[in-house]
Every structure is written in C-alpha cells, then in structure tokens.
Amino acid sequence: MTKFLLPLGGFIAIFAFLFIGLGLNPREVPSPFIGKAAPTFELGNLHRPDSRFGTQDMAGKVWLLNVWASWCVACRDEHPLLVDLAKQDTIPIVGLNYKDKQDQALAWLKQFGNPYRVAVMDADGRIGIDFGVYGVPETFLIDKKGIIRFKHIGPITKKAWEEKMLPLVRELQKS
Amino acid sequence: MKRMIASVLFSWAVATGVAGANDQKELDAVGKARAVALAAELRCLVCQNQTIADSHAELAVDLRRQIHVQIAGGKSDAEIVDFMVTRYGDFVLYRPPFKATTAFLWLGPALFVLVGVIVLLRFLRTRRTRAQSDVPLTEAQRKMAAELLAGATPRESQ
Amino acid sequence: MIPEIGQFALILALLLSIVQGVLPLAGAARGNPVWMGVARPASRGQFLFVALAFGCLAYSFVTNDFSVLNVANNSNSGLPVPYRFAATWGSHEGSMLLWVFMLTGWSAAVSIASRSLPEEMVARVLGVMGLIGTGFLLFMLLTSNPFDRLFPAAQDGRDMNPLLQDPGMVIHPPMLYMGYVGFSVAFSFAIAALLGGKLDSTWARWSRPWTTLAWCFLTIGIMLGSWWAYYELGWGGWWFWDPVENASFMPWIVGTALIHSLAVTERRGAFKSWTVLLAITAFSLSLLGTFLVRSGVLTSVHAFATDPKRGVFILIFLAIVTGGSLVLFAVRAPKVGLGGKFEIVSRESLLLGNNVLLAAACGSVLLGTLYPLFLDALQLGKISVGPPYFDSVFAPLMAPAIFLMGVGPLARWKEARIPDLAMRLRWAAVIAVVSAILVPLIAGEWTLMKSFGYLLAFWVFAASLTSIRERLLVGTQLEWSRLGQLPRGYWGMIAAHVGIGVFIIGVTTVKSYEVERDVRMDIGDTVAVGGYDLKFEGTEEVAGPNYSAARGTVVVSRNGKAVRTLHPEKRFYPVQQSTMTEAAIDSGLFGDLYVSLGEPVGDRAWSVRVYSKPFITWIWGGCVLMALGGFLALTDRRYRASLAQRSALPAHAASPS
C-alpha cells in the first residue's frame with residue numbers, strides 16, 4: 001500500500017530542507033544590485049564640506065564603496081584591513097559616512113587611520129537607502145562602468161577579502 | 001493592521017523631534033492610512049522578524065519617513081513598493097509577489113483543500129462499498145462481490 | 001554543590017530513561033512480565049530525579065549562585081524572587097529542563113492512571129515515553145547543560161530579559177510545554193498500538209482523555225502568549241504569525257483534528273489509521289517547533305540564542321522519532337480494519353471533512369512558515385512570508401470548517417440526510433444571517449467582511465442552541481429537567497464550540513472597530529477615544545526593584561465624570577540596558593482602553609498612544625472557554641466511573657452533579 005508511505009515521503013522532503021537550512025543564514029539578504037548600475041550620488045566631502053564628490057568622479061575605475069560610521073563598533077574590526085589596502089594602493093576606497101556627525105567621524109579617522117581616497121557624508125542616510133544598506137559596515141565593489149559586482153555585508157575579514165573579493169578585483173582591473 | 005498607525009505617527013514625531021527635519025508635510029487621512037498599510041507589509045531588515053511599522057530600529061524609522069515623503073510627493077503605492085524592492089529585494093515584502101517561485105506558496109493552500117476534498121470523497125465512496133460486507137448478503141450478491149473483489153485483498157471489518 | 005547534585009540527578013534520570021525505554025518494550029515484544037514491570041517504577045524514578053534537578057536549578061537561581069553559567073547569564077541579584085524562580089525556565093537550557101520535567105511528569109502520571117490498562121500496553125506506552133526522555137536528556141547533557149559552571153564566578157548576573165519579567169510570561173511557557181509535551185502521551189499510545197497491532201477503539205478510549213488534557217494546556221499556553229504580546233509589546237497586537245507562534249499553533253490545529261478523530265475512532269471504530277497519523281503528526285510538529293525555535297534556521301522575534309550544534313541534534317532526533325514512527329505507520333497501518341459503516345453524509349463524514357480542512361489549514365501554516373527556507377535552500381532567492389499572507393490564506397480555510405462545526409453535532413452517526421439537517425438548522429441559519437446583517441448596521445457602517453465574521457460567530461451560537469434544544473425535546477415538549485442529565489462530555493463540546501464563536505466575535509469586532517490615537521500630550525491635554533476623554537497629567541520618576549520608570553498619570557472620564565486613573569510606564573532596566581513599555585489597560589467585557597507611553601517630546605510632553613479595543617478580551621475569553629470545554633469533557637461520568645472502578649474511590653465520584 002504505497003499511500004501509507006506518503007506521510008513518510010513528505011517528512012523526508014521537509015527533513016531535507018531543514019537539514020540544508022541549518023547551513024544557511026536567514027538574516028543575510030543578498031543585494032538586488034549585483035550586476036546593476038550603482039545608484040549615483042553627489043555628496044559633501046567629509047574633510048571639506050563645501051566641495052562635492054559624486055559617483056561620476058570614479059568613472060573608469062574599479063573601486064570600493066565602504067559604508068561606515070564612527071558609532072559602528074564592527075567597523076573597527078575591518079578598519080586595519082582597509083588601511084592596509086590603501087597603503088598598498090590595491091584599490092581606491094570611497095568611504096560613505098553613514099548617519100554620522102562630522103566632528104565625530106573626523107576624530108575617528110584620526111584615531112584609526114584614514115584609508116579613504118575620499119570620504120563623503122550621508123548624514124540623513126538617504127544615499128544608504130538608495131544602496132539598500134541595512135547594516136553597517138557594508139562594502140560594494142563597483143567596476144569601471146559603474147556596475148556593482150559584489151557586496152559584502154558586515155566587517156570584511158582577511159579570508160573574505162583574499163578568497164572572494166581580491167580575485168574579482170584583479171579580474172575587473174584587467175578588463 | 002491599524003495598530004500600525006500609531007507606530008508610524010509616533011516615529012514621525014521622533015524623527016522631527018530628533019533630526020529637526022521639518023521638510024515633512026502633514027498627510028491627509030487617506031495618505032496616513034496608506035502609509036500605515038504600506039509600513040505594515042514591509043519587513044524591517046535589521047530586526048529579527050518585524051514589520052517596519054512595528055520596529056524601533058533606526059532603519060525602520062528612516063524607511064517610514066521615506067514612505068511618508070513619497071506619499072506626500074504623490075507617489076502611488078506600487079511605486080513606493082518598487083522603490084523598496086529595487087533596494088532591498090523581495091525580502092522586504094511580507095506579502096510575497098506572485099511569481100514562478102512563489103506559485104506553490106500562493107496556490108498551495110487551495111491545492112491542499114482541493115486534494116483533501118477529492119481524496120475524502122473518493123475514500124467515502126469506496127469505503128461505503130467496501131464496508132457493505134458488513135450487511136448479510138444474498139447468495140447472488142455474495143457471488144457478485146466475490147467476482148468484483150477477485151484480485152483485491154479482502155479487508156477485515158469490525 | 002547543589003548544581004552538581006542537579007547534574008548528577010540528570011545523569012541518573014538519563015540512565016533510568018534508557019532502562020524505561022528498552023526493557024519494557026523488549027518485554028512487551030517477548031511477553032516477559034518482569035521486564036514489562038520495570039516501566040512503572042522506572043518512569044516514576046525518572047520523574048523524581050528530573051524534579052530534583054529542576055529543584056536544584058531553581059535553587060541556584062533563587063539563591064543567586066552566579067558560579068552557574070546559566071544563572072549568571074539569565075538572572076541578577078536585583079531581580080525579584082518570583083522572577084528569579086521563573087528565570088529557571090527563561091533560558092534555552094532551563095526551558096529544556098522544564099520540558100523534560102513535564103515529559104517525565106506526564107510519564108509518571110500515565111504510570112499511575114493506567115491501572116486498568118493491559119500490562120503490555122502500559123509497558124509500550126511508557127517505553128516510548130522513556131525513549132523520548134532519553135533523547136531530550138542526552139540533548140541537554142551533551143549540548144545544553146543547565147548546570148555548567150563559570151570559573152571564576154560572576155560578580156552579578158546579566159539579568160533576565162525584561163520582556164520576560166511579567167506574570168503572564170512566568171506561566172506561559174509551563175502551560176505551553178504541558179501542551180507540547182502532553183501530545184507525547186497521545187503519540188506514545190499511537191506507537192504502542194501500532195507496535196502491538198491493536199489499533200482498536202479501546203486504544204482510542206485510553207488516549208482520548210490524555211489528548212484532551214494536553215490540548216487544553218496548549219490552548220491556555222497559546223492564549224497566554226497572545227495576551228502577553230498584547231500588553232507587553234506595547235502595540236496592542238495579539239497575533240503576529242511569527243514562526244515561533246506558528247510553531248505552537250500547528251500542533252494545536254492538528255491536536256484539534258486529533259480530538260475529533262479520536263471521538264469517531266472510539267465511538268465507531270473508524271478512521272483508525274488517520275487518527276494514528278494525526279497523533280504522530282501532532283507530536284512531530286511539537287518537536288519541529290522546538291527545532292525551529294532553537295536552531296536559528298528561521299528568524300523570529302522570540303527565538304532563543306541559537307547554536308547550530310543544537311539544531312543538528314534536534315533534527316536528528318526529529319528524524320528518528322518522526323521518521324521511525326512513519327515507517328512503523330507505513331508497515332502497520334495497511335493491516336488496520338475499516339471500522340463501522342457510515343454513509344457519505346453522516347456525523348463521521350462531517351467530522352472527517354472538518355479534519356481535512358484543519359489538516360489543510362495546518363499545511364498552509366507550515367508552508368508559509370517554511371517557504372522562505374525552501375527557496376533559500378534551492379537558491380531561488382530570499383523572501384519573507386508574513387501576516388498579510390497568513391491573514392489572506394487562513395480565514396478562507398477556516399470559514400467552511402466553522403460552518404461544518406455547526407452542522408456536525410446535529411448530524412446522526414452512520415447516516416444523516418441533508419434535507420433533514422437543513423430543516424433542523426433553518427432557524428439557526430436565519431438567526432445567524434439576520435444578526436450578521438444587523439450587528440454591523442447598528443454599530444455603524446456595514447461591510448461584507450464584518451458581516452461575514454459575525455455570520456460565522458452567530459452561526460456557531462445558534463447551531464449550538466439548536467443542538468441543546470433538540471436534546472431537551474421530548475416529543476414537542478421542552479423538558480428542562482433534562483438539562484442536568486446531559487453528559488459533561490456534551491457540555492464540554494458545546495463550551496468549546498461556543499468558545500470559537502466568542503473568539504470570532506472578538507477578532508471581528510477588534511479588526512472592524514478599533515480606534516487608535518497617537519498624540520503628543522502636554523500636561524493637561526486631553527484626547528477623546530471611544531466615548532472617553534483621557535487627560536494627561538504628566539509623568540513622575542518611580543523606582544522599581546530592578547528598574548527605574550517614568551510613570552504617567554492619565555485620568556479617564558466619561559461625560560465629564562472621572563471614572564478611572566491609568567498609569568502607563570516607560571521602564572528602563574539598567575542591567576540589560578533596555579527600555580520597556582508597560583501599557584496601562586482598562587480592561588472590560590466590552591472593550592479595553594489601552595494607553596502606552598511613547599517617547600518624551602520636549603520637556604514635559606510625551607507622545608502617547610491610546611487605543612480603544614472593543615471586545616478584545618473576547619479573543620482570550622473564547623480560548624478560555626475552549627480550554628474549559630476540554631476540562632469539562634474530562635470530568636465526564638465515564639472517566640470518573642472508570643477512575644472510581646480502578647482505585648475504588650468513594651461513590652460520590654459517580655453521582656450526577
């Protein structure tokens with residue numbers, strides 16, 4: 001009587017999904033931007049507020065957009081790595097200072113070092129919303145045509161950088 | 001749903017109080033109701049499992065303000081939902097859109113009932129004929145039954 | 001020292017549970033009465049040791065022993081004593097201990113109340129329960145030991161989550177777990193019957209009271225959770241379709257189906273394999289809920305701190321328990337007889353129809369809860385399934401079930417006729433339709449949705465009255481003296497069904513007529529809500545035992561006369577650095593006035609949320625009625641009589657009352 005096996009079959013199917021589910025992170029939301037043009041912005045420079053900086057200034061370059069804030073504790077974890085990258089001149093990094101105060105942000109950079117080619121102020125978080133930022137830090141990898149190629153949520157670890165991001169950066173820089 | 005009204009209004013109060021952002025126009029009753037309904041269907045991404053109407057998180061406050069601003073700017077509900085989906089993906093929608101991957105989600109319940117009712121009716125019908133063996137049969141019926149049941153396993157009944 | 005005693009008691013309980021799980025089952029298979037006889041003492045011993053462990057943990061909490069990791073993480077010396085005691089089950093580890101405590105409690109109760117059962121059956125039932133206990137004790141000792149020490153001991157604890165510091169939350173988990181775990185009895189009876197090959201109406205009669213009892217606890221548990229969310233979260237919502245809520249609701253739906261299916265199996269010997277399947281499913285869903293809450297595969301507002309290792313363990317356990325029983329089901333169920341004959345329209349078929357609808361409803365909740373996981377696992381993207389989905393899917397599934405609920409009690413066993421049923425229920429239908437049209441009209445604006453809710457509720461009431469009336473009818477004469485002679489089982493059913501109606505009235509009225517005001521209130525400001533005027537008289541600082549609070553004073557008046565003073569609070573708990581909103585609620589039979597403080601705006605003004613929630617208490621009142629119906633059915637004469645027979649109790653137990 002196969003019909004009596006149906007409940008078992010149903011259970012096995014659910015079980016398989018639950019088992020796979022154990023290895024997934026339900027809180028990580030993939031960005032719908034991958035492969036799409038990065039939203040454009042023009043914001044005041046953190047160090048010189050009267051001068052503006054926009055996405056078009058990075059056209060033709062492969063660059064990182066790093067969303068950070070002085071109130072963000074996890075940002076300190078990834079900061080040394082960013083400073084290293086800047087020293088080695090691997091890739092230009094633009095800092096999007098998210099919902100922060102200028103004096104605090106500047107003090108923070110003074111204390112931990114400034115890896116940013118340019119840091120811009122997104123005081124009310126409006127540009128953050130355009131980029132779909134939901135946690136800080138977040139880092140976007142943008143190619144020469146202004147297309148978002150990769151998004152890292154949370155602090156960038158050495159492992160994540162070397163295994164996932166760096167190869168992609170090299171490839172994009174070649175093309 | 002309406003419980004969300006409070007939360008949305010409340011967050012505006014905070015937003016204006018804290019950020020001093022006075023760029024917000026008061027919405028009329030219809031606009032408020034729309035803002036509430038929208039906020040109640042959108043998921044707060046930083047929270048564990050809450051709508052942006054429920055959540056105290058800063059991002060939720062910002063997004064509620066976005067809804068407000070866009071309604072005041074004359075955007076339609078669909079446009080506002082689009083705005084959210086392009087930025088955060090389908091994940092923000094507590095009412096998943098109907099598409100190939102969610103077809104089973106939306107049709108599943110109806111399918112369950114349909115299959116359940118069909119199986120139930122077939123079961124009731126076959127069961128009645130099978131349970132007929134309860135009743136004393138005439139010789140002719142017995143023969144007929146035996147022929148009908150040939151091949152099938154005879155079932156005990158109480 | 002005390003924690004070590006607790007730990008040791010747990011280990012002994014584990015050993016006993018293995019004995020209880022192995023010997024009686026082997027004894028029943030080989031017909032060895034000595035081995036079978038081990039079941040009762042082993043289960044009682046296991047209960048005592050787990051109770052001892054529970055007592056040790058509670059002692060550590062109450063005496064602030066911060067050298068125990070669990071205590072240091074979940075309690076604080078500033079916490080009032082009742083909450084320190086409740087903190088025993090406030091954490092993942094502690095709640096597992098509570099779970100096992102209840103499991104062994106149920107098991108010991110079965111060992112005591114099973115004197116009239118055949119030894120073989122008792123051995124098998126307790127054996128299965130022993131195996132379940134083994135699984136959970138192993139889980140605790142291997143992955144979540146509540147007695148782990150902390151060296152060096154903490155100065156003070158990190159405190160209990162302030163959300164849980166509430167009387168409702170103190171009794172919610174024990175009630176809920178009593179329900180969850182109680183289904184293990186129905187499950188064990190089902191497995192025992194499958195193992196013994198004796199799937200008959202006697203089996204149904206034995207497992208019925210246990211199932212009803214578990215269902216009552218689960219009903220109360222869910223109700224308390226909902227009530228707690230209502231007054232503690234500060235939004236005035238009462239159900240959020242959160243995965244954790246769904247995890248408790250699914251076993252309830254299946255348990256409801258099981259109660260009805262068991263009734264048919266007992267009375268008519270029918271649906272036996274279906275009933276067994278429901279018993280297996282109800283308990284499996286309880287385990288699934290445990291997995292969902294504790295493994296972190298789904299995000300939820302209420303989830304415990306999660307750990308993949310625990311997830312793997314529970315999942316394997318779930319595979320053994322559910323997979324194993326479904327294999328057994330597939331092997332044994334085909335040999336089960338059909339039972340009594342009945343027609344396509346009969347009380348049997350109506351009950352089965354309702355079962356199908358309940359199963360579909362449970363399937364839909366499961367589908368919605370797990371669908372994000374399905375898509376994620378198949379790498380088809382991440383989605384969220386929330387209240388808008390469940391609201392639009394669940395109500396249409398329940399509506400026909402509630403219609404059948406009115407018809408079922410009037411239908412005859414074996415064969416009913418639709419014209420006859422329609423005749424008998426015509427007045428009930430008229431009353432329901434007229435009330436459904438009139439009530440919204442009287443209350444204000446008429447809409448189809450409001451009317452539909454009231455239609456279902458009044459249908460249940462009117463059909464229940466019709467059923468009672470028919471029971472009292474002798475010829476054409478109403479015989480009121482019969483009122484007292486109707487069995488309590490019958491009254492239990494009526495109470496539970498009316499409870500559903502009361503629940504629907506509450507939900508419909510709240511959804512349709514609630515009023516919210518969110519206002520900035522300075523001292524002396526008033527706001528009018530639901531016929532009342534509320535005057536804000538400012539806030540003052542007050543100190544609680546482990547928090548400080550801004551306590552507002554709101555004077556409620558009607559027609560210029562002050563009727564009540566409400567004190568909503570905004571509490572700050574320094575240890576956990578969190579702020580809690582303590583709503584002030586003027587609760588009444590016909591509605592609540594709900595006031596909660598938002599944030600301070602300016603110097604003395606606050607943003608204040610005021611809700612008028614008409615009939616909201618009916619939601620929980622309906623649940624209480626359902627549970628009372630279950631308890632009433634349990635005191636039915638037939639159970640009391642068998643109890644009296646068994647233990648030779650005084651004769652009053654069988655006297656009508």
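The values are calculated or read from the model by the stated rules, or taken from the named source; none is laboratory data. Fair warning: this is a prediction, and the values are worked out from it, not measured in the lab. Cβ placement follows ideal geometry from the backbone for every residue including glycine, while neighbour counts extend to all protein chains displayed. Surface areas here come from the heavy atoms of the whole protein model, side chains and all, with no ligands, DNA or RNA. Shrake-Rupley method; radii C 1.70, N 1.55, O 1.52, S 1.80 Å.
The table below gives the values:
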| quantity | calculated |
| --- | --- |
| Heavy-atom accessible surface that A and B bury in contact, both chains counted, 1.4 Å, Å² to 100 | 1400 Å² |
| Accessible area per residue in Å² at 1.4 Å probe, computed on the protein assembly as shown | 42 Å² |
| Space enclosed by the convex hull of the alpha-carbon atoms of the protein assembly as shown, per residue, Å³ | 213 Å³ |
| Anchor C:LYS450: lysines whose Cα lies under 29 Å away (excluding residues fewer than 8 positions away in-chain) | B:LYS2, B:LYS32, C:LYS511, C:LYS613 |
| Euclidean distance between Cα centres, the range A:135-175 to the range A:73-118, Å | 16 Å |
| Relative contact order for chain C, counting Cα pairs under 8 Å that sit 6 or more residues apart, in percent | 11 percent |
| The range C:414-559: proportion of alpha-carbon pairs further apart than 19 angstrom, % | 70 percent |
| In sequence order, calculated HN-Hα J values of the range C:69-81 (Karplus, 6.51, -1.76, 1.60; Hz; x Gly/Pro) | 3, 4, 5, 4, 7, 10, 8, 7, 5, x, 6, x, 3 |
| Over 21 Å between alpha carbons, listed pairs A:LYS61/A:LYS87; A:LYS87/A:LYS159; B:LYS99/C:LYS382; C:LYS309/C:LYS382 | C:LYS309/C:LYS382 |
| Heavy-atom accessible surface of the range C:171-221: percent carbon and sulfur, 1.4 Å | 64 percent |
| Fraction of accessible area attributable to carbon and sulfur, the range A:33-174 (%, probe 1.4 Å) | 52 percent |
| Buried solvent-accessible surface, both chains (A, C), 1.4 Å probe, Å² to nearest 100 | 2100 Å² |
| Taking N as its residue count, the alpha carbon Rg of chain C over 2.2 N^0.38 Å | 1.02 |
| Under 5 Å, built H, 5+ apart or other chain: amide partners of C:SER578 | C:TYR573 |
| Rounded to 10°, Cα long-axis angle of helix A:6-22 versus longest principal axis of chain A | 20 degrees |
| Projected-area average for the range C:516-613 over all orientations - Cα convex hull basis, square nanometres | 6.5 nm² |
| Buried area at the C-B interface (accessible, heavy atoms, 1.4 Å probe, summed, Å²) | 4700 Å² |
| Contact order relative to length of chain A, as percent, for alpha carbon pairs under 8 angstrom and 6 or more apart | 27 percent |
| ³J(HN,Hα) computed for each position of the range C:36-48 - Karplus, 6.51 cos²θ - 1.76 cosθ + 1.60, integer Hz, glycine/proline x | 4, x, 5, 3, 5, x, 4, 5, 5, x, 4, 4, 4 |
| Shielding of A:31-39 by partner chains, average beta-carbon count, 10 Å | 2 |
| Estimated distance in nm for a label pair at C:VAL563 and C:LEU378, the labels positioned 7 Å out from Cα along Cα-to-Cβ | 5.5 nm |
| Residue-averaged beta-carbon neighbours from other chains (10 angstrom radius) around C:515-525 | 3 |
| Stretchable slack from C:PHE8 to C:LEU448, in nm (0.36 nm times residue separation minus alpha-carbon distance) | 152.2 nm |
| The range A:11-63 versus the range C:1-15: alpha-carbon centroid distance in Å | 50 Å |
| Karplus-derived HN-Hα couplings along the range C:183-200 (A = 6.51, B = -1.76, C = 1.60, θ = phi - 60°), whole Hz, x at Gly and Pro | 5, 5, 5, 4, 4, 5, 4, 5, 5, 4, 5, 5, 4, x, x, 10, 9, 10 |
| Members of the range C:332-350 that become less accessible by 50 Å² or more once partner protein chains are added (1.4 angstrom probe, chain alone as reference) | C:PRO334, C:LEU338, C:LYS341, C:PHE342, C:ILE344 |
| Computed accessible area, C:CYS362, all protein chains, 1.4 angstrom probe, square angstrom | 10 Å² |
| At 0.890 mPa s and 25 °C, Stokes diffusion of the range A:33-174 via Kirkwood alpha-carbon radius, µm² per second | 164 µm²/s |
| At 0.692 mPa s and 37 °C, Stokes diffusion of the range C:1-165 via Kirkwood alpha-carbon radius, µm² per second | 201 µm²/s |
| At least 30 Å² of accessible area lost relative to the chain alone, listed for the range C:356-370 with a 1.4 Å probe | C:VAL356, C:ALA360, C:LEU367 |
| Highest to lowest packing among A:9-20, C:266-277, scored as the average C-beta count within 10 Å | C:266-277, A:9-20 |
| Label point at C:GLU540 placed 7 Å out along Cα→Cβ; residues across the range C:549-577 whose backbone nitrogen lies under 16 Å | C:549-555, C:565-570 |
| Surface accessible to a 1.4 Å probe, A:LYS159 within the full protein complex, Å² | 130 Å² |
| At 1.002 mPa s and 20 °C, Stokes diffusion of the range A:48-90 via Kirkwood alpha-carbon radius, µm² per second | 170 µm²/s |
| Label-point gap, in nm, between C:SER116 and B:ARG130 - each point 7 angstrom along Cα→Cβ | 3.2 nm |
| Average other protein chain Cβ within 10 Å of Cβ, residues A:127-137 | 4 |
| Amide H contacts under 5 Å for C:GLY598, placed H, 5+ residues apart | C:SER607, C:VAL608, C:ARG609 |
